[in-house]
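Colleague: Below is one structure. I have some questions about it.
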Amino acid sequence: MLHRRRDKPFLRMGRIGLVVALVPLVAVVQASGGAPDAEVLPPGVAVRQGPASTTPIMGELRGGAHVEVLFTQHGPGGNWAQITLPSGGVGFVPDTSLRRLAAPPQWRSAGTTSSPPSMARRAGDSIIEVPLRRVGGVLLVASRINSQVSTNFIVDTGASVVTISHALADRLGLEYSNKPTQRLFTPSGIMHSPRVVLDVVHVPDETGAGVVSVDAVVATLPGSSPEIGGLLGQSFLRHFHVTIDAERAVMNLQPAGAAGGTYR
């Protein structure tokens, strides 16, 4: 399972930071440091590019260093935490190498009862269980934008903002050509993408979780399938405590108590 927390500002795009962190694909908004919520245990720890001991080492953190945890992943490959780095990027360390400065949210088991693929269900304590779909190395979530258009988003905990394709923006009737732009760094080069505000984003639809006035950028991800409307980033996810069970392909959302904006 994965646990995600904390708000993120607009930043640049590099390579993709997927929730399962399996295969870099298209693009990602690199994270900046927020308030630290964990301490590296002595004598220090190697930071890796992915949640596995076989991935390349990016550097080493000294014991006692304070870091911000974006999410934790629990699975057959062990327990790994994705953390922000002083460079503004992200990396992975064994979760056992961290001591939490604040207790993370505790999650009740959602059980194994199946739900229709497009419907959320309640799992207790205001937790909403949203089905996911694995395609290659990414997880897709069904989404409904402005109560008008249904699409699929790549769940991207490393992206600080929701990204929507030009085709989706056109289907929504958004005027974006004269909007201020955000500079994005992608494998194909630098993109200057218009910034817009979406009236409301629901996952998977109005039966699930919704956030109003969601910041987004209009950018078509290079090589992405037409069925993918963009990335579900922190401008939506920051309103919730998030866990993802990649094996069961479900995402649990619990309102984080942010002021305004979130409703179900």
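Computed from the coordinates by the stated procedures, all read-outs in this text should not be read as laboratory data. Everything numeric in this text was worked out from a predicted model, so none of it was measured. Please note: Cβ atoms are built from the backbone with ideal geometry, for glycine as well, and neighbour counts cover all protein chains shown.
Colleague: Rg and Dmax of segment 121-263, Cα atoms, in Å?
Modeller: For segment 121-263, the Cα radius of gyration and maximum Cα-Cα distance read 14.6, 45 Å.
Colleague: What is the Cα convex hull volume of segment 129-176 when expressed per residue in Å³?
Modeller: Numbers: hull volume 5.0 nm³, N = 48.
Expressed per residue, the convex hull around the Cα atoms of segment 129-176 is 104 Å³.
Colleague: Can you give me the long-range amide H partners of Gly44? Hydrogens built in the peptide plane at 1.01 Å from N, cutoff under 5 Å, separation of 5 or more residues or another chain.
Modeller: Gly63
Colleague: Still on this structure, I have one more. Taking 7 Å along the Cα-to-C-beta vector as the label spot, tell me the Arg248-Thr54 distance in nanometres, rounded to one decimal.
Modeller: Each label point lies 7 Å from its Cα, and together they span 2.8 nm.
Colleague: Can you run phi through the Karplus equation (6.51, -1.76, 1.60; θ = phi - 60°) for segment 210-221 and list ³J(HN,Hα) in whole Hz, with x for Gly and Pro?
Modeller: Going residue by residue, I get x, 10, 9, 6, 9, 5, 8, 10, 9, 7, 7, 5 Hz, with x marking Gly and Pro.
Colleague: Taking K and R as +1 and D and E as -1, what net charge do the other residues with C-beta under 14 Å from the C-beta of Gly44 add up to? Before the final figure, lay out each step's value.
Modeller: Working: positive: Arg48, Arg62, Arg99; negative: Glu39, Glu60.
Here the charged neighbours net out to +1.
Colleague: Return the distance in nm (one decimal) between the two label points of a simple spin-label model at Asn178 and Val212, each offset 7 Å from Cα along Cα→Cβ.
Modeller: 2.7 nm
Colleague: In addition: With a Förster radius of 30 Å, plug the Cβ-Cβ distance of His192 and Ser147 into 1/(1 + (r/R0)^6) and report the FRET value to the nearest 0.05.
Modeller: 0.55
Colleague: Using Cβ counts within 10 Å as a stand-in for footprinting exposure, how do Glu60, Glu129, Glu247, Glu39 rank, fewest first? Could you put the intermediate results ahead of the total?
Modeller: Working: Glu60 13, Glu129 22, Glu247 10, Glu39 16.
Sorted ascending by nearby Cβ count, the order is Glu247, Glu60, Glu39, Glu129.
Colleague: For Met251, Met191, Met58, which order do you get if you count the other beta carbons within 10 Å of each Cβ and list the fewest first? Before the final figure, lay out each step's value.
Modeller: Numbers: Met251 30, Met191 19, Met58 15.
Exposure proxy ranking, most exposed first: Met58, Met191, Met251.
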